[in-house]
Amino acid sequence: MKPLKRPVRRGILVVHVAASAGWLGLTLGLLALALTAFTTGSVPAIEASYLSMKVFTDWLVLTLAFLTLFSGLVLSLGTKWGLARHWWVFIKFWLTLATTTASVLALRPGVNEAAGSVASGAVVADPRDLVMGPAVSLAAYLFMTVISVLKPWGTTRRGRSGRGVVTSPKAVDGGSVRQTA
C-alpha cells in the first residue's frame, strides 16, 4: 500500500482515535452495568443493567471494534509505522484482533443470554463472567493506549532488516527527535 496523503492520514487517525476512545468508554460503561447487576440485590436494577448492556453490545460494541480494527490497519499499512515494523503497532494489532474476536464470540452472546434470562424472570447463571469480560477488555484497551503514546520496544526484526524502514529522524541541536504520531 502506498503512503497515505497527509489529509487522508489525519482523517483516518481522527476516526481511529475517536472509535478507540469510544470503545474504551463503552467498555467502562459495560463494566459499570455488570458490576451493578452483580452487586445489587434489586431485581429491577439487575434487569435494567443487563438489558442496557444488550443495547450497547447489539449496536455499538461491534461497530466500534471493527471501526477501530479497520482504521488501525489502514493507518499501519499506509504510514511509516507499518504493521510489523514496530513492536507497539504489532502488539496493538493483535490485541485489537483478540478483543474484537472476544466481543463477537463471548461478550455479545453472554450479554444476550443474560438479558434473555432476566427478561424471562430467570437468574443469570454466572454473573461474574459478565464482569470479567469488560474488565479484561478495559485493561487491554488501557494498555494499548499507553503503548500508543509511549511507543516502546523499538523495531521488530522486519523493521531492523531495512525493508521499507523510513530514515532516522532529523538531528536537532546534536540530539535526535522521536516522532510520536
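Within the range 78-100, the only residue that satisfies the criterion of being at pLDDT below 95 and either open to solvent by 50 Å² or more (accessible area, probe 1.4 Å) or under 19 Å from GLY25 (Cα atoms) (or both) is LYS80. Selection of the range 101-148 for residues being open to solvent by less than 70 Å² (accessible area, probe 1.4 Å), over 15 Å from TRP23 (Cβ atoms) and among the β-branched types (Val, Ile, Thr) yields VAL111, VAL118, VAL124, VAL131, ILE147. Test LEU51 against the criterion of being open to solvent by 40 Å² or more (accessible area, probe 1.4 Å), touching a residue at least 12 places away in the same chain (Cβ under 8 Å) and over 19 Å from the mean Cα position of the chain (by Cα), and give yes or no. Judged against the criteria, LEU51 is a match. Pairing each residue of the range 14-27 that is aromatic (Phe, Trp, Tyr) and in a helix (DSSP H, G or I) with any residue that is modelled with pLDDT of 95 or more and surrounded by 15 or more Cβ atoms within 10 Å (Cβ to Cβ), provided the two are 6+ apart or on different chains, yields C-beta distances under 6 Å for TRP23/LEU64; TRP23/THR68.
Restricting attention to the range 134-156, the residues that are in contact (Cβ under 8 Å) with a residue 60 or more places away in the chain and either in a helix (DSSP H, G or I) or touching a Leu at 6+ places or on another chain (Cβ under 7 Å) (or both) add up to 10. Applying a threshold of 6 Å to beta carbon distances and a minimum spacing of six or more residues, or different chains, the list of pairs starting in the range 100-115 at a residue that is in a helix (DSSP H, G or I) and ending at one that is open to solvent by 60 Å² or more (accessible area, probe 1.4 Å) reads GLY110/ASP129; VAL111/LYS54; ALA115/LEU51; ALA115/LYS54.
Looking only at the range 66-77, residues that are more than 13 Å from TRP23 (Cβ to Cβ) and either open to solvent by 30 Å² or more (accessible area, probe 1.4 Å) or of a type in the set (Ser, Thr, Tyr) (or both) come to 3 in all.
When THR40 is tested against (1) at pLDDT below 95; (2) open to solvent by less than 70 Å² (accessible area, probe 1.4 Å); (3) in contact with a Gly (Cβ under 6 Å, 6 or more places away or on another chain); (4) not acidic (Asp, Glu), only condition (3) is not met. Consider THR63 carefully, then state whether it is part of a helix (DSSP H, G or I) and either open to solvent by less than 30 Å² (accessible area, probe 1.4 Å) or touching a residue at least 40 places away in the same chain (Cβ under 8 Å) (or both). In short, no.
Does the range 34-41 contain at least one residue that is closer than 29 Å to ASP129 by Cβ and not in a helix (DSSP H, G or I)? Yes, there is a match, as at least one residue in the range 34-41 is closer than 29 Å to ASP129 by Cβ and not in a helix (DSSP H, G or I). Do we have GLY121 as closer than 23 Å to PRO3 by Cβ, of a type outside the set (A, V, I, L, M, F, W, C) and outside any helix (DSSP H, G or I) here? Here the answer is no, as GLY121 does not meet what is asked. Could you please let me know if GLY82 is touching a residue at least 60 places away in the same chain (Cβ under 8 Å) and outside any helix (DSSP H, G or I)? Taking the combined requirement at face value, the residue satisfies it.
The values are calculated or read from the model by the stated rules, or taken from the named source; none is laboratory data. These figures come from a predicted structure and were not determined experimentally. Virtual Cβ from ideal backbone geometry, glycine too; neighbours counted across all protein chains shown. Surface accessibility is based on the protein's heavy atoms, side chains included, excluding ligands, DNA and RNA. Shrake-Rupley method; radii C 1.70, N 1.55, O 1.52, S 1.80 Å.
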